[in-house]
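Visitor: Got a structure here, written out as structure tokens. Questions coming.
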Amino acid sequence: MQNSSMLSRLRLVLRTGSIVFGLSALALLAVPATFNSLLGLATSPELEWAMRMIGITLVALSGNMFSVSSRGSDASVLLSGRVMLVSAFGLGLLTLLLPVELNWFAIAYSAVGFAFSAAYALVLFTRAKG
């Protein structure tokens, strides 16, 4: 059986992540050109369409993260935490690999991904005391 304190913290990280990804999703859906510009990407109708596709996918991801965090079994919370640890790290890494000169927004967005990955790792790999 998993430590209930660890699972509570993992649920909190998942719920917080669902809010952050949800906000990103809304930005990608509503103002993809602005998001592209902030990342330093030259925008185009094709790239804006692709960003909206990413945005709608993030709506699904954030909804599932929230659902798992609030209603999921302990096993599903643990699996989602492991998946999100890798995914958040990947988000941070891919953001740093943008094919443009990095700017403050790209670095900050990358840091958010790495911070969530670190939060998942801390919760998943720190042993409970006692």
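The values are calculated or read from the model by the stated rules, or taken from the named source; none is laboratory data. Since the structure is predicted, the reported quantities are computational estimates derived from the model, not experimental observations. With ideal geometry, Cβ positions are generated from the backbone for all residues, glycine too; neighbour counts draw on all protein chains shown.
Visitor: Kindly indicate whether Leu14 is surrounded by 17 or more Cβ atoms within 10 Å (Cβ to Cβ), touching a helix residue (DSSP H, G or I) at 6+ places or on another chain (Cβ under 7 Å) and assigned to a helix (DSSP H, G or I). Step through it out loud before you land on a result.
Guide: Numbers: surrounded by 17 or more Cβ atoms within 10 Å (Cβ to Cβ): yes; touching a helix residue (DSSP H, G or I) at 6+ places or on another chain (Cβ under 7 Å): yes; assigned to a helix (DSSP H, G or I): yes.
Taking the combined requirement at face value, the residue satisfies it.
Visitor: Among the residues of segment 1-15, count how many are free of Cβ contacts under 8 Å to residues at least 12 places away in the same chain and closer than 13 Å to Val68 by Cα.
Guide: The qualifying residues number 1.
Visitor: Further, regarding this structure: Quick one: what pairs do we get from segment 63-79, first residue surrounded by 14 or more Cβ atoms within 10 Å (Cβ to Cβ), second hydroxyl-bearing (Ser, Thr, Tyr) and modelled with pLDDT under 95, C-beta under 9 Å, 6+ apart or different chains?
Guide: Close Cβ pairs (under 9 Å, with a partner that is hydroxyl-bearing (Ser, Thr, Tyr) and modelled with pLDDT under 95) amount to Asp74/Ser4.
Visitor: Condition check: of a type outside the set (Phe, Trp, Tyr), exposed (fewer than 14 other Cβ atoms within 10 Å of the Cβ), modelled with pLDDT of 95 or more and touching a helix residue (DSSP H, G or I) at 6+ places or on another chain (Cβ under 9 Å). Does Leu29 satisfy that?
Guide: On the way: of a type outside the set (Phe, Trp, Tyr): yes; exposed (fewer than 14 other Cβ atoms within 10 Å of the Cβ): no; modelled with pLDDT of 95 or more: yes; touching a helix residue (DSSP H, G or I) at 6+ places or on another chain (Cβ under 9 Å): yes.
No.
Visitor: With respect to Glu101, determine if the residue is in a helix (DSSP H, G or I), over 14 Å from the mean Cα position of the chain (by Cα) and within 22 Å of Pro32 (Cβ to Cβ). If you could, list the steps in order and put the result at the bottom.
Guide: Working: in a helix (DSSP H, G or I): no; over 14 Å from the mean Cα position of the chain (by Cα): yes; within 22 Å of Pro32 (Cβ to Cβ): yes.
Taking the combined requirement at face value, the residue does not satisfy it.
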